[in-house]
Amino acid sequence: MPVVNVRMPAREQGYEIKIGAGLLSTLGNEVRTVLGKETQRIAVISNDRVFTLFGQTVLKSLRADDFTMSHWLMKEGEQHKTFRSLESAMRFLSKSKLERSDAIIALGGGVVGDLAGFAAATYLRGIAFIQVPTTLLAQIDSSVGGKTGINLPDGKNRVGAFHQPRLVLIDTETLRTLPPRELTSGQCEMVKQGAVSSRKLFNQTINLLRGAGTHAAGAQHAGGMLTELQGLAATIASHCRFKASITAGDERENINRRDRRSRRILNFGHTTAHALEAVTNYRRFRHGEAVGYGMLVAGEISKSLGMLPSGELELLGEAVARCGPLPPANDLSIAEITRAMTGDKKAVAGSVKWILLERIGSARIVDGQNIDPRVLRSALQSGLGRS
């Protein structure tokens, strides 16, 4: 079982990420080991789909270690990561009589993890939080690093807090239940992390995709990458290890950092992705799908600025294509997308900061004011399939 040890220099306490098949049945013991015997109550936050699949296994495991449990199911989808949902979660926690020594478990994908984590960060001014991510995207990205939050009508993740989990438990068996689009979403996020980390991680990722029976034409063998869970677990561990190393050194995303170990490099593809999600009211794209397009746009800009060789851009395009088909984006207004970018929460002093590539495995932070509007428009047209 791969175990990633996360050490946060700014904090006394780190945490472990445990990865393997069948780990849900061990959750109670793992939580008891981490939190100790003082913890009595556990509140599980999930959604109906995930809880139907895994809820009884989780509750049985927690019950075996003498926890008192309650659960609350939020509505599914990014559009429900709101103040209204947060208020409902807080009322549930209060009704469950959680105390400072108790804990919240997030059972689900990134939306569940973000909202449950924010609730844990703010209820009673902060209580323990356990991440049990059940989607590929959440397992390699959103469950690691301590970012939590909710959306506002004019932007994604505008309200939130940094709240590190006490444990991340990744059961790779949960991936067998994912529909193809969820796998595509997670695979796009894997490509993103590979592209900004190192050639080694990128190659490990694209080799996994090539071996999964995915093709550059976009046809995907559903669940092909799941046929060998041990190899998949090793790749997930590599991604978690990379993200943990970045977030440990720059937990709060210091706006003054521009080096290649800045947490901001993890936002590769996200400037366009967040705009695509906003202009479609979070209903057309899963997050990773939008990131897939965002990487292509950022790659086109990188090439236009003379930073990224054509061969590297082609390799990035192949990797995105092997993730599976993306929802169409060529009907969306370039003007609306560009306007949505100006409200990106990553902006500093009114300027959007783009994460671009010098080569696969080497990212650079570039001020949006240095990108000619014609270059941006051309990159959007090409990346979104309009030319």
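Would you call M307 touching a residue at least 60 places away in the same chain (Cβ under 8 Å), outside the structural domain of V144 (by TED's automatic domain parsing) and of a type in the set (A, V, I, L, M)?
Here the answer is no, as M307 does not meet what is asked.
Tell me, please, whether a residue that is in contact (Cβ under 8 Å) with a residue 60 or more places away in the chain and closer than 17 Å to L266 by Cβ can be found in the stretch 169-181.
Looking for residues that are in contact (Cβ under 8 Å) with a residue 60 or more places away in the chain and closer than 17 Å to L266 by Cβ, one finds none in the stretch 169-181, hence no.
When both residues are 6+ apart or on different chains and their Cβ atoms are under 7 Å apart, which pairs have a first residue that lies in the stretch 98-126 and is over 19 Å from Q40 (Cα atoms) and aromatic (F, W, Y), and a second that is crowded, with 21+ Cβ neighbours inside 10 Å and modelled with pLDDT of 95 or more?
Between residues of the stretch 98-126 that are over 19 Å from Q40 (Cα atoms) and aromatic (F, W, Y) and residues that are crowded, with 21+ Cβ neighbours inside 10 Å and modelled with pLDDT of 95 or more, the close pairs are F118/T148; F118/G149; F118/I150.
How about the stretch 243-256: which of its residues are more than 21 Å from V3 (Cα to Cα), in contact (Cβ under 8 Å) with a residue 12 or more places away in the chain and of a type in the set (D, E, K, R)?
Residues satisfying the conditions are D250, R252.
Looking at (1) at pLDDT 90 or above; (2) in a loop (DSSP other than H, G, I, E, B); (3) of a type in the set (A, V, I, L, M, F, W, C), find the lone condition where V291 falls short.
Every condition holds for V291 apart from (2).
For residues in the stretch 155-180 being in contact with a Ser or Thr (Cβ under 9 Å, 6 or more places away or on another chain) and of a type in the set (A, V, I, L, M), which is farthest from Q13 (Cα to Cα)?
L178
Quick one: would you say Y282 is more than 20 Å from L201 (Cβ to Cβ), outside any loop (DSSP other than H, G, I, E, B) and under 23 Å from the mean Cα position of the chain (by Cα)?
Spelling it out, it is not the case that Y282 is more than 20 Å from L201 (Cβ to Cβ), outside any loop (DSSP other than H, G, I, E, B) and under 23 Å from the mean Cα position of the chain (by Cα).
What's the number of the condition E99 fails, among (1) of a type in the set (D, E, K, R); (2) surrounded by fewer than 21 Cβ atoms within 10 Å (Cβ to Cβ); (3) within 14 Å of the chain's Cα centre (by Cα)?
E99 satisfies all of (1) of a type in the set (D, E, K, R); (2) surrounded by fewer than 21 Cβ atoms within 10 Å (Cβ to Cβ); (3) within 14 Å of the chain's Cα centre (by Cα) except (3).
Taking the residues in the stretch 173-183 that are over 13 Å from the mean Cα position of the chain (by Cα) and in a helix (DSSP H, G or I) as candidates, determine which candidate is surrounded by the fewest Cβ atoms within 10 Å (Cβ to Cβ).
R176
Can you name the residue in the stretch 333-381 that is at pLDDT 95 or above and in a loop (DSSP other than H, G, I, E, B) and is also nearest to R252 (Cα to Cα) among such residues?
Looking at the filtered set, the residue picked out is G361.
The values are calculated or read from the model by the stated rules, or taken from the named source; none is laboratory data. Because the structure is a prediction, the values reported are computed rather than measured. In this analysis, Cβ positions are derived from the backbone assuming ideal geometry, glycine residues included, and neighbour counts consider all displayed protein chains.
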